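This report concerns only the one structure given below.
Derivation of every value follows stated rules applied to the coordinates shown; laboratory data play no part. Note that the coordinates shown come from a computational prediction; the quantities given were computed from them, not determined experimentally. Backbone-built Cβ (ideal geometry, glycine too); neighbour counts: all protein chains shown.
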């Protein structure tokens with residue numbers, strides 16, 4: 001399983017905080033992020049990487065969305 | 001109440017970061033090695049599997065491959081390591097402002113003032129290790145003690161990802177049986193001198209007569225005796241930008257051997273430009289220039305000379321360095337690496353005795369400052385000395401920004 005970076009639409013606040021709004025999956029479909037449950041610095045041991053980890057609810061599922069220096073990927 | 005000092009050592013730092021980013025390497029023997037083509041081909045760091053196979057930091061990559069045939073060698077990515085080092089520092093900073101870096105991957109923390117907030121040294125160490133693991137994905141080993149020397153010893157005792165506590169009550173039991181070479185600043189030759197006199201453990205050293213140690217090792221004997229007895233009052237310094245600079249230097253191992261004065265001149269100019277630019281950035285001038293030279297036989301020497309007036313101009317530094325070189329090297333052997341250093345620093349604005357017959361340097365200073373500006377805006381290679389184009393393979397490096405990891409001393 002290889003690590004794949006994905007496109008993300010996000011809101012950048014005036015204080016520098018970033019809130020991801022939707023992701024574009026590798027098959028081209030766009031999924032809205034219903035809710036961001038948690039934001040913290042974390043390492044991704046499954047895919048390899050480190051960055052800001054957003055715990056997101058997408059279509060009722062909780063997933064980890066990582067932002068590693070501006071590049072986004074899903075920890076699966 | 002005694003002090004509460006932590007020493008945190010990020011385990012196999014470079015290799016751990018590389019393995020974090022490439023999970024497929026995690027179960028294999030991995031080493032981070034320099035660029036073989038540019039003759040920086042030594043092992044910089046390795047993971048535990050490589051270590052188990054006998055790979056040592058500092059040996060040539062081909063030597064390591066012989067010991068460990070499956071060794072995976074990855075090139076270093078210093079930008080990434082510095083980012084992780086900074087992030088680790090940000091974690092430490094949440095517990096104390098007394099942080100003293102010891103290289104890129106080691107740090108001392110004085111948490112004496114924070115124990116009311118976060119719990120004792122051990123709890124803080126556990127917390128820091130957990131956060132390094134969870135937030136950065138790397139492990140660290142921590143030593144908790146009442147002085148810096150034992151804290152460092154502690155962090156070396158259990159690896160990876162463990163905490164060792166050394167207190168005033170148990171240090172005789174924990175520290176004293178260790179071989180004397182484990183103590184900070186007991187290197188190979190000191191260890192030999194001590195072992196000849198049957199001082200094999202740190203305990204032996206601690207129980208030895210201090211005056212005899214002084215005869216044997218000079219002032220160092222006393223210092224080491226104090227270390228062994230846990231008498232070390234050295235404070236954890238707030239280090240970083242505000243540390244006092246004593247000298248500014250750059251050195252490089254060149255991609256090919258240098259065989260004549262022309263070659264040396266090219267390298268000296270590259271290094272002198274970097275030294276001068278760094279002096280200017282810090283608002284300093286140097287009064288002494290030193291060079292270090294290492295031949296292909298690894299014979300090395302250093303020479304230094306005073307300048308007529310303090311300077312931060314690359315021309316002056318380079319010509320002094322070339323004078324020193326020409327006066328001290330007879331070309332028995334080709335040269336492998338060379339360094340230029342400016343020391344005896346004064347602030348750039350300080351007054352000095354001007355020379356009656358010397359031409360005004362103001363114009364040159366403005367010129368070099370302009371070069372700094374151009375390089376800052378358009379990149380290092382946007383403006384260069386013409387002579388640099390004679391051999392771009394030799395001069396194609398930027399000592400100012402390519403390497404920013406400096407070794408540090410315990411006694412600053």
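The Rg/Rh ratio of chain B, with both radii computed over alpha carbons and Rh defined as the Kirkwood radius, is 1.00. Neighbour counts of other Cβ atoms within 10 Å put B:195, B:349 in the fewest-to-most order B:349, B:195. Computed from Cα positions, the angle between helix B:148-157 and the longest principal axis of chain B comes to roughly 70 degrees.
Each semi-axis of the equivalent ellipsoid for region B:45-122 is √(5λ) with λ an eigenvalue of the Cα gyration tensor; in descending order they amount to 36, 14, 10 Å.
The relative contact order of region B:245-405 comes to 34 percent, based on Cα pairs under 8 Å that sit 6 or more residues apart. Cα-based values for region B:176-228, radius of gyration first and Dmax second, are 9.3, 24 Å. Compute the Cα gyration tensor for chain A, then decide on rounded, prolate or oblate, letting a ≥ b ≥ c be the square roots of its eigenvalues: rounded whenever a/c is under 1.5, prolate when a/b is larger than b/c in the other cases, and oblate in all that remain. Here chain A falls in the rounded category.
Three semi-axes describe the equivalent ellipsoid of region B:1-136; taken as square roots of 5 times the Cα gyration tensor eigenvalues and ordered largest first, they are 33, 14, 13 Å.
In whole angstrom, how far apart do the alpha carbon centroids of region B:67-87 and region B:338-376 sit? One Cα centre to the other: 37 Å. Here the contact order of chain B, divided by its residue count and restricted to Cα pairs under 8 Å and six or more residues apart, works out to 14 percent. Cα centroid separation, region A:20-76 to region B:283-297: 50 Å. In plain terms, the C-alpha convex hull of region B:245-405 casts an average shadow of 9.6 nm² when viewed from every direction. P(r) for the protein assembly as shown, from all Cα pairs and a bin width of 10 Å, is 4, 15, 21, 25, 21, 11, 3, 0, 0 %, short bins first. Summed over qualifying helices (DSSP H, 4 residues or more, each -39500 (n - 2.57)) and divided by its residue number, chain B shows a 222 nm mean residue ellipticity of -11000 deg cm²/dmol. Need one word for region B:118-271: rounded, prolate or oblate. Basis is the Cα gyration tensor (sqrt eigenvalues a ≥ b ≥ c); a/c below 1.5 gives rounded, then a/b vs b/c decides. Oblate, since a/c reaches 1.5 and b/c is not below a/b. What's the FRET efficiency of residue B:350 with residue A:7 using the Cβ-Cβ distance as r and R₀ = 51 Å, to the nearest 0.05? Using R0 = 51 Å, I get an efficiency of 0.35.
Once the Cα atoms are used to define both axes, helix B:219-228 deviates from the longest principal axis of chain B by about 40 degrees.
The spacing between region B:194-232 and region B:94-118, judged by their C-alpha centroids, is 29 Å. For chain B, the longest principal axis of the Cα atoms and the long axis of helix B:121-131 meet at an angle of about 60 degrees. Remark: A:29, B:278, A:19 ranked as A:29, A:19, B:278, counting other beta-carbon atoms within 10 Å and listing the fewest first.
Stokes-Einstein diffusion coefficient for region B:1-62 at 20 °C in a medium of 1.002 mPa s, Rh from the Kirkwood formula over Cα pairs: what value in µm²/s? After rounding, the answer is 166 µm²/s.
Residue order for A:63, B:30, fewest other beta carbons within 10 angstrom first, comes to A:63, B:30. Can you tell me what share of the DSSP beta bridges in chain B is antiparallel? A percent to the nearest 5 is fine. So the antiparallel bridges in chain B amount to around 90 percent.
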